[in-house]
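Q: Mind having a look at this structure? Questions to follow.
The values are calculated or read from the model by the stated rules, or taken from the named source; none is laboratory data. Everything numeric here is computed off the predicted structure, so don't read it as measured data. Counting neighbours? That spans all protein chains shown, and the Cβs are built from the backbone with ideal geometry, glycine included.
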Amino acid sequence: MKAAVVQLNSGEDVGRNLSTAEALGREAATAGAALVVMPENALYMGAEEGRGQVAGRYVPGEAPGGPCGERMAALSRETGAWVLWGGVPEARAEDARTFNTAALLDERGVVVARYRKIHLFDIDLPGGPVLTESRNTAPGDALVVADTPVGRLGLSVCYDVRFPELYRGLVDGGATVLAVPAAFTATTGRAHWELLLRARAVESQSYVLAAAQWGTHPGGRTTWGHAMIVDPWGVVLAERAEGEGVVLAEIDPGRTASVRASLPSLMHRRIGRSRSEG
């Protein structure tokens, strides 16, 4: 089965963002992708305060609600592909903060899994941006793994990639493919993006599907791009450095099984495994 990751240059125009994502989703499905991964902030990438307004256009559940949700579902129904919409704003009842939610839709347009980003991006880099995601976003608290046409998929979002224990948990939950929809800053992406993705692939002995934002966005924020698919040996199978577009690769369960059998590091773990696991 083929999987695809999408690279976008999203902004504050939700309609434009959705139209571009739909077009690239159709392109990926036409090329044979059974699963399409959209990047973080696929619906909206602008001032954090604006996320709350966008959240009202998407209501996750068994079937998406609101105008954005319906279009997201329609793309899956039209193409027959599963689509992971990387972080999108999800409204909360408790306060005005939103969740940063990755919603997985099957070929019927039904939400079959929903992951709320656990690790929030609060940083102040010398010479780089100051970003405080936690001001307007609430963290999730649960790991999510779901069966898909390309394998058992472990969900994460962007900054999560710096926390290997999350991916250990996903692999313990049966994941053989890991999704990392992201909007990595140009500063951190240049230094760490490929390094972290390949490390997560190697230590988890899993495919990594890393969708990305690229370019300049409202407010002057710049993102790194370089959407890529990495195999369980850490080989970058396909990559798009710049511009909006689609990256595809074959996901071979036999490759995962071969890597895990020939170098059984997951079985050799002596820390973090329960007694029942041996």
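Q: Just to be sure I understand the filter: pairs with C-beta atoms under 7 Å, separated by 6 or more residues or on different chains, first member in the stretch 94-121 and more than 13 Å from Ala55 (Cα to Cα), second member among the polar types (S, T, N, Q) and surrounded by fewer than 17 Cβ atoms within 10 Å (Cβ to Cβ). Which pairs pass?
A: Within 7 Å, the pairs are Leu120/Ser134.
Q: Mind telling me which of the residues Glu94, Glu90 ends up being under 15 Å from Gly56 (Cα atoms), acidic (Asp, Glu) and surrounded by fewer than 17 Cβ atoms within 10 Å (Cβ to Cβ)?
A: Answer to the check: Glu94.
Q: Of all the strands (runs of 3 or more DSSP E) wholly in the stretch 122-190, which have at least 1 residues that are closer than 23 Å to Val110 by Cα and without any contact (Cβ under 8 Å) to a residue 12 or more places away in the chain?
A: It comes to 145-148.
Q: Looking at the stretch 12-22, is at least one residue buried (at least 24 other Cβ atoms within 10 Å of the Cβ) and modelled with pLDDT of 95 or more?
A: Yes, some residue in the stretch 12-22 is buried (at least 24 other Cβ atoms within 10 Å of the Cβ) and modelled with pLDDT of 95 or more.
Q: Consider Gln205 carefully, then state whether it is touching a residue at least 60 places away in the same chain (Cβ under 8 Å), over 20 Å from Asp141 (Cβ atoms) and touching a Lys or Arg at 6+ places or on another chain (Cβ under 7 Å).
A: Judged against the criteria, Gln205 is a match.
Q: Let me ask something else about it. Filter the stretch 219-257 down to the residues that are touching a Ser or Thr at 6+ places or on another chain (Cβ under 6 Å) and not in a strand (DSSP E or B), then identify the one that is surrounded by the most Cβ atoms within 10 Å (Cβ to Cβ).
A: Among those that are touching a Ser or Thr at 6+ places or on another chain (Cβ under 6 Å) and not in a strand (DSSP E or B), it is Pro232.
Q: Assigned to a loop (DSSP other than H, G, I, E, B), more than 30 Å from Val130 (Cβ to Cβ) and touching a Gly at 6+ places or on another chain (Cβ under 6 Å): does that describe Ala201?
A: Here the answer is no, as Ala201 does not meet what is asked.
Q: Okay, moving on. Identify the single condition in (1) farther than 27 Å from His268 by Cβ; (2) surrounded by fewer than 18 Cβ atoms within 10 Å (Cβ to Cβ); (3) of a type outside the set (Phe, Trp, Tyr) that Glu133 does not satisfy, given that it satisfies every other one.
A: With (1) farther than 27 Å from His268 by Cβ; (2) surrounded by fewer than 18 Cβ atoms within 10 Å (Cβ to Cβ); (3) of a type outside the set (Phe, Trp, Tyr) applied to Glu133, the lone miss is (2).
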